[in-house]
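Asker: Right, I'll just put the structure down here and ask away after.
The values are calculated or read from the model by the stated rules, or taken from the named source; none is laboratory data. Just so we're clear, the structure is a prediction, and the values are computed from it rather than from any experiment. Cβ placement follows ideal geometry from the backbone for every residue including glycine, while neighbour counts extend to all protein chains displayed.
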Amino acid sequence: MTAWMVSNCGTPSKRERYKQILQKAIDIHVYGGCGTYRCARSNENSCMDILQKHYKYYLAFENSLCVDYVTEKAFKTYSFSPSTIPVMRGGTNYSLYFPPGSYLDAKDFKSAYELGKAMNVNKMGNTKLENIFSWTETRSVDLNSERHRSWCSLCERIHRSDNYKRLYSNIKFWLNDNPRSACKSPTDLTR
């Protein structure tokens, strides 16, 4: 079974349309303002417990398809629901942020429907997906200190900001108007 926790229902990535196509192949429970299932936003741990106990997949769909744009959606899955497989859809190269083979990337499938069929096949056994948790043999997530380390990483970057600078003379052009713009319109909304 698949879960999606989402409250922004009209997005540039058209993730809501992608979900409709995906839902033709796999059952999806939508939590939050865009769905019928409820989970108190004020108690994030409770939501993650639901995910951990009841769902095999979590849809980590970004609201924009932009290079280097990764929000907390998938990171939370690794930290609080490590037995749930994140299904990513965005404009970035997820292998830069997450262990190889530890997630499904919508870009690896011809369509949302094909992705859904692959997720269903996993119920019966799928070699690619059977090995999806092999990353846990060499890596781990420390649930007790994960949040604290992220602040340390931020602090390190601030003190070494010369290593992390990117300057754009016209951010609007870089984001939208440039032929090689950072953000793209979806092209994967066909069955």
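Asker: Just give me the residues in the range 75-86 being at pLDDT 80 or above and farther than 15 Å from Lys56 by Cβ, in sequence order.
Answerer: Correct list: Phe75, Lys76.
Asker: Could you count how many residues in the range 44-66 are surrounded by 19 or more Cβ atoms within 10 Å (Cβ to Cβ), aliphatic (A, V, I, L, M) and under 17 Å from Tyr78 (Cβ atoms)?
Answerer: 4
Asker: Continuing with this model, one more query. Which number in (1) surrounded by fewer than 21 Cβ atoms within 10 Å (Cβ to Cβ); (2) more than 20 Å from Leu189 (Cα to Cα); (3) touching a residue at least 40 places away in the same chain (Cβ under 8 Å) marks the one condition that Ala40 misses?
Answerer: With respect to (1) surrounded by fewer than 21 Cβ atoms within 10 Å (Cβ to Cβ); (2) more than 20 Å from Leu189 (Cα to Cα); (3) touching a residue at least 40 places away in the same chain (Cβ under 8 Å), Ala40 is out only on (3).
Asker: Another question, if that's okay. Checking Ile26 against (1) surrounded by 20 or more Cβ atoms within 10 Å (Cβ to Cβ); (2) closer than 16 Å to Ala74 by Cβ, only one condition comes out false. Which one?
Answerer: If we test Ile26 against (1) surrounded by 20 or more Cβ atoms within 10 Å (Cβ to Cβ); (2) closer than 16 Å to Ala74 by Cβ, just (2) comes out false.
Asker: Considering the range 1-22 alone, what residues qualify as being of a type in the set (Gly, Ala, Ser), part of a loop (DSSP other than H, G, I, E, B) and touching a residue at least 24 places away in the same chain (Cβ under 8 Å)? Break it down stepwise before answering.
Answerer: Going residue by residue through the range 1-22, those that are of a type in the set (Gly, Ala, Ser) are 3, 7, 10, 13.
Subset that is part of a loop (DSSP other than H, G, I, E, B): 7, 10, 13.
Within the range 1-22, Ser7, Ser13 meet the criteria.
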